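One structure is given here, and the rest of the page talks about it.
The values are calculated or read from the model by the stated rules, or taken from the named source; none is laboratory data. Being a predicted model, the structure only gives us computed values, none of them experimental. Note that each Cβ is placed from the backbone with ideal geometry, even for glycine, and that neighbours are counted across all protein chains shown. Areas reflect the complete protein model, heavy atoms only, side chains present, ligands, DNA and RNA absent. Shrake-Rupley method; radii C 1.70, N 1.55, O 1.52, S 1.80 Å.
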Amino acid sequence: LVLLLAINSQHRQTINCTMKALRDRILKDGKCYPGGILKVDKFINHQMDPNLMKRICVEFIRRYASTEINKIITIEASGIAPAIMMGFLLDLPVVFAKKKPSTMADMLSTTVFSFTKQREYHVVISKEYLREGDKVLFVDDFLAYGNAAKGIIDLCKQAGAELVGMGFIIEKAFQHGREVIEQAGVRCESLAIIESLENCEIKLKED
């Protein structure tokens, strides 16, 4: 029992260190702009920190350890890096939904509104790569209003695939995207939650 408690304590310390490292980087290198915009392009979605990304994906894997998954899914472009890292660690295929018009002959299609660019995109996935019976985990860099999540939920329904969960590196809680996901009956996990960006000050939710 003492050994188990020691192992669990060490595991919790590892988790806490990972989440602290992510929060520290957000506070140090994140840039806030008016309109609820947070840029983390120094370490997540333009220039990337591979070591931090690996730790992030290990934490996602821990959270979904008891869930059956046979495919990782994301949406271009910022979700591709964590999706590839998770696919590598889990030895699973990775599929990304494409925002641009495609020459695919047989595809699933939906519409996603981009908060950042204030426009709608047609998003597609080949029917060959998202099929009935698939158990997929979606990962992305940000959860804001949940627009990309709605698109992925729709694509999975069209395919007859089971969306077992959604994982986000950063969630902007004040934009309520989690509600969209949970109302659809899908599990949602976020590693760092932003409570507010008022006055361009980053306020993180504490554990």
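Scan region 40-107 for GluC sites (Glu not before Pro) in coil per DSSP, keeping those whose Cβ has at most 10 other Cβ atoms within 10 Å, and list them by number.
Glu68
In region 122-207, which GluC sites (Glu not before Pro) fall in coil by DSSP and have 15 or fewer other Cβ atoms within 10 Å?
Sites meeting the loop and neighbour criteria: Glu128, Glu132, Glu201, Glu206.
Which of the cysteines in the chain are isolated, no other cysteine C-beta under 4.7 Å?
When partners are defined as cysteine Cβ atoms under 4.7 Å apart, the chain leaves Cys17, Cys57, Cys156, Cys188 without one.
Cα gyration tensor of region 32-110, axes a ≥ b ≥ c as square roots of the eigenvalues: rounded (a/c below 1.5), prolate (a/b > b/c) or oblate?
oblate
Averaging sequence separations of C-alpha pairs under 8 Å and six or more residues apart, then dividing by the length of region 27-145, give the relative contact order as a whole percent.
Over region 27-145, the number comes to 24 percent.
Relative to the Cα centre, what is the charge dipole magnitude of the chain, using +1 at the beta carbon of each Lys and Arg, -1 at the beta carbon of each Asp and Glu, and rounding to the nearest 20 debye?
Around 340 debye, computed over the chain.
So what is the relative contact order of the chain, in percent, for Cα pairs below 8 Å that sit 6 or more residues apart?
Over the chain, the number comes to 18 percent.
How much area per residue is accessible in the chain when the probe is 1.4 Å and only protein heavy atoms are counted (Å²)?
Averaged over the residues of the chain, the accessible area is 55 Å².
According to the square roots a ≥ b ≥ c of the eigenvalues of the Cα gyration tensor, what is the shape class of the chain, taking rounded for a/c under 1.5, prolate for a/b larger than b/c otherwise, and oblate for the remainder?
It comes out oblate by the Cα gyration axes.
Tell me, what % of the accessible area of the chain is carbon and sulfur with a 1.4 angstrom probe?
About 52 percent, which is the carbon plus sulfur part of the accessible surface.
What value, in deg cm²/dmol to 500, does the helix sum -39500 (n - 2.57) over DSSP H runs of n ≥ 4 give at 222 nm once divided by the residues of the chain?
-11500 deg cm²/dmol
Quick one: among Asp29, Asp154, Asp106, which has the greatest mean-square fluctuation in a GNM of the chain with alpha-carbon springs under 10 angstrom?
Between Asp29, Asp154, Asp106, it is Asp106 that shows the largest mean-square fluctuation.
Straight-line reach only, C-alpha to C-alpha below 24 angstrom: list the lysines that Lys172 could link to, leaving out same-chain residues fewer than 8 apart.
Lys20, Lys28, Lys31, Lys39, Lys42, Lys54, Lys98, Lys99, Lys117, Lys150, Lys203, Lys205
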